[in-house]
Each structure stands twice: as structure tokens, then as C-alpha cells.
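Here's the structure we're looking at; comments come further down.
Just so you know, all these numbers are worked out from the coordinates, no wet-lab data involved. Because the structure is predicted, anything quoted here is derived from the model rather than measured. Positions of Cβ are generated from backbone atoms using ideal geometry, with glycine treated the same way; all protein chains shown enter the neighbour counts.
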Amino acid sequence: MLTIARMPIACGVDIGSTNAKVVAIDADGTVVGRAGQPTPRDKGALSIDAYALFSAIEEMVVEVCGESLEVHAICAAGVGEDGFLVDGGLRPLTKALAWFDPRRQEIFRALRPQLHHDDTFDVDSDPVRTLVGWEWSRTRVAEGAAASWVALADLAGVYWAGRTFLSDTLASRTAAWRSGDRTWAQDRVTLTLGSADLLPPVVPTGTIVGDLNSPGMRLAGVVAADAITVAGGHDHPIGGWGVDQMEPGAVLDSMGTAEVVVAQSPLRAVSRHDYVDISPGIRSDGLTLLRVEELARNVEWASKNPEVARHIRVLLAGSVAPEPVLDSGYFVPGKRGGGAPTYSLTAPQDPRVRASAVLGALAHVGRDAIDAVRKDRAERGGVWLAGGWVRSRGWIDIKSEVNGYEATPIPEPEVTAVGAALLAAMARGWSPDPGRALGRGLPYDPSETSSQSH
């Protein structure tokens, strides 16, 4: 019987808050397969069971490969703060506390008096950070039972490689690690995790962490004998890195529940400013610069008025032009940390004016975020848009008007998964074309766009 050789591929995995995706590229960077499933959560739609997630990822890889593709390298990215405590056999001892779980607020309030302010950390200290998950997990595990912490985004890679590790772009999300000297704040680790012995080795995103060992996928015949596992990490930096590979100096503006603006910087050190988070540069000696802004929550607040909501929908569709109030200051967006949105005292009652003011104010917030991550960079590429909001032609027009330049949607709907696949391919020694992988030059079809994760 004639056996047809399978095409070698590199796979990228994106574990999002809502959906998990797998994208496969060939050695040239052409996307040759994709699959997606809802991220498996418990009935409350919050915590994640590690085994259910890992099983779903492997099912998608097998689905993508079908009868014709073979994995030679794989890399997983995902939400930055969630994770598990595991025992010596890598068995999870808890579920993963979601970054948006409201229980984090109370835990953080109890910790806050002992978290002394220090602007040398990569991120601000707030309820989202990993150290809150450490505290929650530690109090639910018997003393001495845990052997290591494993980040949710690294989970599949840890299982495939058979060893624990923490990607450095995820270490940055803990609020207990500093990229500047790649060290842990021992007092914060001891306070929340209990012991620094539970911290796995921190490895650079994009490095090979081991072979790809998967009995299930090997049984399905979809894994090369010498396939490798590559460290992934935080989803948005990896997506932004992929865009930077396509156009050096470019900025990724990813818009879903939140707006996340990310760019690579060649600088080895910057002072944190303007709410910009940092993490190590990917496959470089520089840094990743990232800023997160509220987006959907502000629109939801304004949409409590049905007439304003109707006009927002019409404006986003692009069927009518906004009123000339985009920079009026009539709407004051809710800021990071839960600040409530409001209208200014001078804002007219006309719902179409208010809808225009809302979208104009949010476009200005996005522009400020872009300016912040570009502040220390002389070389400037374009601004590329991704996420669910780029389905809206009217929103792209408003963004372009406020920015003063055209903001271009990325044709590829799964920017993070493609970025992870590019990392896997390059670690394998291939030279994929990032522009080909992200669809540069192809017509943009908004019906194909999916939302980016957290």
C-alpha cells in the first residue's frame, strides 16, 4: 500500500478567555489549517480544568492535521495571568482561577497593604495579576503537596516537554518579576505562593523547551519523530511580535473586550510611563511594550440608553458619518481599575451626538495608547488592527480620522495563533514569511475576523 508523505507544519495555539484556536503554517508561512473550540470552563464560566483544556488542544491539532499534515514544531500562547499548582507528576491540584474572576478583588484587597509600591515591576499591582492566583491556589492545597506552579498558557508545552517552565512574557504578568534583571521579588513570592521553590525556571519566549511527546497525537500519526516544543507565553506580545516581523516598528492594536496596544522596542530598558506594561522582547534583547484600555465596558454603559445604543450600532456599521464631536470631550471613558464612565456637564442630550462622542472618546484613548508604546521608539511602522471590533467599517473610519493616518485591519483573523506558529517554525530553523502568514496584501474580509483574547 502506497503511503503518502505528510506535509511538515508548525502549529500555533492560542488559549483565549473565550475560545482556543490552533493554526498550522508550512515552512514558507502559508496557513494550511485551522481549528477552534470554546475554552473549556466550569458551569460558572470561570475556572478551567487543566485536563479538559489539554484534551481540547490535542483534539484540535489532530483535526488540523487530518490525513495530510505532520507537526514538526508547536508553540502555545494564551491569557497571561491564570495558572495551576501541580504535584511532582504534573497533576494539577487546583483549577485555574480566571483573570476576570470577581473573587480576585477580595483576595487583592487583603494582600494590598503588604505589597509595597515599586515601579520597577513590569506591571502595576492589581487583582488581575498572577500573584493573586498564587494566593488563592496556595490556600486550597495541602502543605507540601505542590511541586510547581504552571501557567495556563504554558500548560500544553509543559505536558509535551515533560518539564516545568515559565515563559518570560508570562513571568512579567505576575507583578513579582522584573525584566530589568530577570529576578523575582522574593518577599512577594513568599507572601503569596509560599515558597520560591515552587517557581519553575523562567525561559525566553520562542526557545525550544523539549521534544514534542504526545502519545495521543503520535497514535493519530500526526507528529514527526523529531518534533519540538517551543515556549510560548502571553498572547498579545506574541501577536504583536508577529506583526513586527511583518513590518518592523509596527504597532498591533487589538480590540475585543479590552483594547490592547502592543509593540516591540529595541531598547533594553525604559522607564515605565503612561500605564505601559513591559515584558522581555521576543527573540531579541529589547522589550515588549503593552498598554490595556477599557473598550466594551464603556460602550455597554453608554448603551443603557436604547437610542444611544441604536446610534452606536449605526455608526459602527459605517452607514452614516459621525457628528463632528469626536474630540469634544462630551464623553469621559471609564479608566483602568473600574472607574465609571460619564458624560460631561455640557454634553447635549441628542443620542446621535452622544453616540458619536462615545466612539470619538474611545478612539482618542486608543490613539493615546499607541502614542505611549511608541514614545521611546524612533523607528515607526504602521498601525495594524485586529480583534472583533475590526468587523465594523465605521469604527475603522473613526479610528483613522482620530489617529490622523490609516489604521489597517490584518486579514488573518487569528493573529496570536499565527504568531505562535511563526515562533515554532523559526525555532525549528525554518524561514517563514510573516507577511504571508498574516495575509498581508490580501483583501480584508470582516466576516472572517475573530476577537483576540484578553
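What to note about this one:
- Equivalent ellipsoid semi-axes, the range 7-232, via Cα gyration tensor eigenvalues times 5, rooted, Å: 32, 18, 16
- Virtual spin-label span in nm between THR342 and SER55, 7 Å along Cα→Cβ: 5.0 nm
- The slack in the chain from LYS304 to SER319, taken as 0.36 nm per residue of separation less the alpha-carbon distance, amounts to 3.2 nm.
- Label zone at GLU67 (point 7 Å along Cα-to-Cβ), backbone N below 18 Å, the range 18-58: 33-34
- Once each of the GluC sites (Glu not before Pro) sitting in a DSSP loop with at most 16 other beta-carbon atoms within 10 Å is removed, the chain keeps 144-378 as its longest stretch.
- Partners of LYS375 within straight-line reach, counting aspartates and glutamates whose Cα lies under 20 Å from its Cα and excluding those fewer than 8 residues away in the same chain: ASP119, ASP122, ASP124, ASP244, GLU247, ASP253, GLU259, ASP274, ASP277, ASP285, GLU293, GLU406.
- Maximal additional length on extending the ALA142-MET7 stretch stands at 43.9 nm, based on 0.36 nm per residue less the C-alpha distance.
- Here the residues THR174, THR183, ranked from fewest to most Cβ neighbours within 10 Å of their Cβ, fall in the order THR183, THR174.
- Radius of gyration over Kirkwood radius for the range 305-432, both on Cα atoms: the Rg/Rh ratio is 1.07.
- The residues HIS72, HIS117, HIS234, when put in order of fewest to most other Cβ atoms within 10 Å, stand as HIS117, HIS72, HIS234.
- For the listed peptides 18-24, 357-363, a ranking on the average number of other beta carbons within 10 Å per residue, highest first, reads 357-363, 18-24.
- Label corresponding to Rg and Dmax of the Cα atoms in Å when calculated from the structure given, among [x] 29.1, 95; [y] 21.4, 68; [z] 21.8, 79: [z]
- Entry for the range 129-171 at q = 0.22, 0.31 Å⁻¹: log10 I(q)/I(0) = -0.83, -1.13, Debye formula applied to identical alpha-carbon scatterers, no solvent contribution.
- Cβ-based exposure ranking for LEU219, LEU170, LEU295, LEU438, in which fewest neighbours within 10 Å come first: LEU219, LEU295, LEU438, LEU170
- Cα centroid separation, the range 303-378 to the range 195-250 (Å): 38 Å
- In this simple spin-label model, placing a label point 7 Å from the Cα along the Cα-to-Cβ direction at both ASP350 and THR183 gives a separation of 6.0 nm.
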